[in-house]
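The numbers here are math on the coordinates, done by the rules we state, and not lab data. Since we're looking at a predicted model, the values are computed, not measured. So basically every Cβ, Gly included, is an ideal-geometry build from the backbone, and we count neighbours across all protein chains shown.
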Amino acid sequence: MTLLIDMNLSPEWAEFLKASGLEAVHWSRLGEANATDQEIFARARVEGWTILTQDLDFSQILFETAASGPSTILLRLGDELSLEIRQRVAKIIRHCQSEIVSGALLVIDEHKARLRKLPIAS
């Protein structure tokens, strides 16, 4: 599983997640900074990557299209650069890895994590 870190998150996430034993790359190493969400979504889907983002648009695209991928991890956190928060996120991702690989939307907020299998039915 490769995590594609969206532009709205710091590139520090990629280095932190790699150090935590997860494969990760920041979008800035792959594409244009002004790429649309649809472009990032399409590339992640083709490559089989999981999107890590704070952007609600990706979950909206999954819902509107009833797509079975790419898996998306949506962070709804205050201080995304806090070491404690990043450690918690990495732990949750590792714990949910098999579901993420199978196709899922994982929402992580300050207090809990919610996992929904893809596609998301209305």
Per-residue ellipticity at 222 nm for the chain, helices alone: DSSP H runs ≥ 4 residues times -39500 (n - 2.57), over residue total, nearest 500 deg cm²/dmol?
-11500 deg cm²/dmol
Taking H as built 1.01 Å from N, whose amide H comes closer than 5 Å to the amide H of Ala67, not counting residues under 5 places away?
Ile120
Provide the packing ranking of 76-83, 8-15, i.e. peptides ordered by the mean count of other C-beta atoms within 10 Å per residue, highest first.
8-15, 76-83
